[in-house]
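Before any comments, here is the structure.
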Amino acid sequence: MHVGVLALQGDVIEHRRVLDALGAHPLEVRTAADLERVDGLIIPGGESTTIGKLMVKYGLDLAVPERARAGMPVYGTCAGMILLARTVRGGEPPLLRLMDITVVRNAYGRQVDSFEADLDVPALGPPPMRAVFIRAPVLEAAGPGVEVLASLDGRPVLVREGHLLASSFHPELVPDDRVHRLFLEMIRASARRGEGLPGSRRE
Ligand code: GLN
């Protein structure tokens, strides 16, 4: 299994390290040709405007939704969640529009308001997960097909919609690989269904 990490800007090395340790053969994705070689994609945290502009430059604003619509699992963390959202408030227009969520950029506050919190994530079991929020987006609304896996102060912070996963926090920055393991399980499930490979687009 090859897991892609979108490597245009942001927390690329941190995600690669976790995937390496899990034996998931990370590949850095910068072009549509790179994307053909992976079974799933992580869009890391960073700066969503910058990552989005580079995605457009390299044609990934079209290639990623095409693969995702064919069933390729995608996990967006923080800036990655902003790029996956169908509706974005407080910044650039939405880019990939793959998940039925509304996010508000930087709504947890400025860089100095970054914080950590312990999250109960029933799907991952005990103990609670330490989560790092860095100038994070607030997930303001989610459609009926979106499953809330964890919340903080009544706001969803980890959500899944079919083969798509998003978190407003950064699991690559803590020594707890359970969210990455969950994403790898989603990729295995997609492969078992025969989905997600280049050219297997469902009509
Ligand atoms: N504030 C960033 C943005 O709006 C996201 C921050 C992050 O990914 N840690 O793009």
Failed item in (1) in a helix (DSSP H, G or I); (2) on the phi > 0 side of the Ramachandran plot, with ARG97 passing the rest: (1)
Please specify each residue of region 42-64 satisfying the condition of being open to solvent by less than 10 Å² (accessible area, probe 1.4 Å) and more than 16 Å from the ligand (Cβ to nearest atom). LEU60, VAL64
Taking the condition of being within 12 Å of the ligand (Cβ to nearest atom), in a helix (DSSP H, G or I) and among the small types (Gly, Ala, Ser), how many residues in region 65-90 meet it? 2
Quick one: which residue in VAL103, VAL146 is within 14 Å of the ligand (Cβ to nearest atom) and in contact (Cβ under 8 Å) with a residue 12 or more places away in the chain? VAL103
Checking ASP39 against (1) farther than 22 Å from GLU195 by Cβ; (2) in contact (Cβ under 8 Å) with a residue 40 or more places away in the chain; (3) open to solvent by less than 60 Å² (accessible area, probe 1.4 Å); (4) not aliphatic (A, V, I, L, M), only one condition comes out false. Which one? (1)
Provide a single number: the residues in region 166-197 that are open to solvent by less than 40 Å² (accessible area, probe 1.4 Å) and touching a Ser or Thr at 6+ places or on another chain (Cβ under 9 Å). 9
For GLY10, are the conditions met, namely being open to solvent by 20 Å² or more (accessible area, probe 1.4 Å), at positive phi, among the small types (Gly, Ala, Ser) and within 16 Å of the ligand (Cβ to nearest atom)? yes
If you check MET1, MET81, which single one turns out to be aliphatic (A, V, I, L, M) and touching an Asp or Glu at 6+ places or on another chain (Cβ under 8 Å)? MET1
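The values are calculated or read from the model by the stated rules, or taken from the named source; none is laboratory data. In this text the structure is predicted, and so the values were computed from the model without any measurement. Every residue, glycine among them, receives a Cβ derived from its backbone with ideal geometry; neighbour counts consider all protein chains shown. Surface areas here come from the heavy atoms of the whole protein model, side chains and all, with no ligands, DNA or RNA. Shrake-Rupley method; radii C 1.70, N 1.55, O 1.52, S 1.80 Å.
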